[in-house]
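What follows is a short report on a single structure.
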Amino acid sequence: MTAAESTFSISAVSKTARLPVVDSLRGVAALSVVWCHLAGFGIFAPSASYGWLGVYVFFVISGFILPYTLFQADYKTADYGRFLLKRICRIDPPYFLSIALEIAFVYLASLSPIFDVHTPRVTWAQILMHVGYLNAFTGGQWIVIVFWTLGVEFQYYLLIGIMFPILAGKFFQWELVFYLPILALLWSHHSFPIRAYADHGGLIVPYLFVFLIGIFTFQYRSHIIAKRQYLIRISTSALCAAACQGPLISAVSLVTGLLIAFANFRSRTLEFVGVISYSLYLVHTIVGTRVERLMNRLIQNDSGPPIALLAGMGASILAAYFMYRWVERPSLALAKAIAYSSSAANASVERLAVKTL
């Protein structure tokens, strides 16, 4: 669910091209989730009741982005270790900083009479379970509620690095892709909670069909499959997602995939939010909800809720911007510095060719 992967190379040696629709959709998803958490109470609650669907927009985008970038980078399974290292360097520094911020705010809130609410005690065991997103496998409690999606995403990283050569192969038949997920779907009905408002996402199984919509969109955008095959595959995935997650999630996921595949629109404002969306996703409940709560306590009249909401939204975006600039962007640069072996070989060949001209 990161902003960096919305930049792609058209071929292994071509210049970088952006997909504005992806950044814009990411911005919509981030704002939807933020609005859900900040406007989910009081007079704004009806408008925020479906903001959680932004999570599934992120899942479809991840399903598309990762195989697309791996395809452009000529990824091989021999690079699996480098791939995981790149992902860890990319996503973990902002993630760990947000954990530290939440713990610090919990401690400060316990000392302040302003926040006279129950502040849960954070244990070392709970913190350690966040390393490697282990709560996703053990069902442990996340320090910040939105972190459950990161656990699901990380499982997707583990899978896509292994499955990519099959997904990118032209010999790949669409019937085969549903064999394991359909079995997993049957299993999930008996073994995993299938709820939109999950406290923790658990295993990736119930969300596989949402990711598959993104994966099939990658296949179409990369000319691996034709339009007719693409429409059949995402329609089948959407039906399975409806059975597993419900028709609303299925519809949102399907529309997201179709927009990535066929739409060509952009919004500078949404693109900006899309660029900082990962940081915004991490910090909005840590910073924004506390600022909103504080403002509601300070302004005891009818104008309090809207002012508090705007203050919370503004504080979230500002905090996200600084996290992006000072933490996320350096993490992106660090991840980018780790080259796949095939990419390094291609670069060496290009340098040799230049020297011999």
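The values are calculated or read from the model by the stated rules, or taken from the named source; none is laboratory data. Since this is a predicted model, take the numbers as computed values, not measurements. When we count neighbours, we look across all protein chains shown, and the Cβ atoms used for this are built from the backbone with ideal geometry, even at glycine.
Tabulated results
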| item | result |
| --- | --- |
| Enumerated helices (runs of 4 or more DSSP H) restricted to region 127-190, each holding at least 2 residues that are modelled with pLDDT of 95 or more | 148-167 |
| Residue satisfying condition, being crowded, with 18+ Cβ neighbours inside 10 Å, of a type outside the set (A, V, I, L, M) and assigned to a helix (DSSP H, G or I), within set Tyr80, Tyr107, Tyr95 | Tyr95 |
| Any hit, region 228-251, residues being β-branched (Val, Ile, Thr) and in contact with a His (Cβ under 9 Å, 6 or more places away or on another chain) | no |
| From the options Leu212, Leu239, residue that is under 16 Å from the mean Cα position of the chain (by Cα), farther than 19 Å from Val28 by Cβ and not aromatic (Phe, Trp, Tyr) | Leu212 |
| Subset of region 294-309 that is surrounded by fewer than 17 Cβ atoms within 10 Å (Cβ to Cβ) and assigned to a helix (DSSP H, G or I) - its residue that is farthest from the chain's Cα centre (by Cα) | Leu298 |
| In region 276-318, the residues that are in contact with a Phe, Trp or Tyr (Cβ under 7 Å, 6 or more places away or on another chain) and closer than 27 Å to Glu153 by Cβ | Ile276, Ser279, Leu282, Ile286, Arg290 |
| Among the residues listed as Thr285, Thr269, Thr256, the single one being in a helix (DSSP H, G or I) and surrounded by fewer than 19 Cβ atoms within 10 Å (Cβ to Cβ) | Thr269 |
| Boolean, Gly81 is farther than 18 Å from Ile276 by Cα, at pLDDT 90 or above and of a type outside the set (D, E, K, R) | yes |
| Scan of region 198-253 for residues that are within 25 Å of Thr69 (Cβ to Cβ), in contact (Cβ under 8 Å) with a residue 24 or more places away in the chain, surrounded by fewer than 20 Cβ atoms within 10 Å (Cβ to Cβ) and among the charged types (D, E, K, R), ordered by number | Arg221 |
| Members of region 322-342 found to be part of a helix (DSSP H, G or I) and closer than 25 Å to Tyr80 by Cβ, listed by number | Glu328, Pro330, Ser331, Leu332, Ala333, Leu334, Ala335, Lys336, Ala337, Ser341, Ser342 |
| Residue in region 140-152 that is within 22 Å of Tyr281 (Cα to Cα), of a type outside the set (Val, Ile, Thr) and over 22 Å from the mean Cα position of the chain (by Cα) present | no |
| Failed condition for His223, given (1) farther than 16 Å from Trp35 by Cα; (2) in contact with a Pro (Cβ under 8 Å, 6 or more places away or on another chain) | (2) |
| Total residues in region 26-43, condition modelled with pLDDT under 85, within 20 Å of Leu248 (Cβ to Cβ) and part of a helix (DSSP H, G or I) | 0 |
| In region 316-331, the residues that are of a type outside the set (Lys, Arg), farther than 14 Å from Tyr281 by Cβ and surrounded by fewer than 22 Cβ atoms within 10 Å (Cβ to Cβ) | Leu318, Phe322, Trp326, Pro330 |
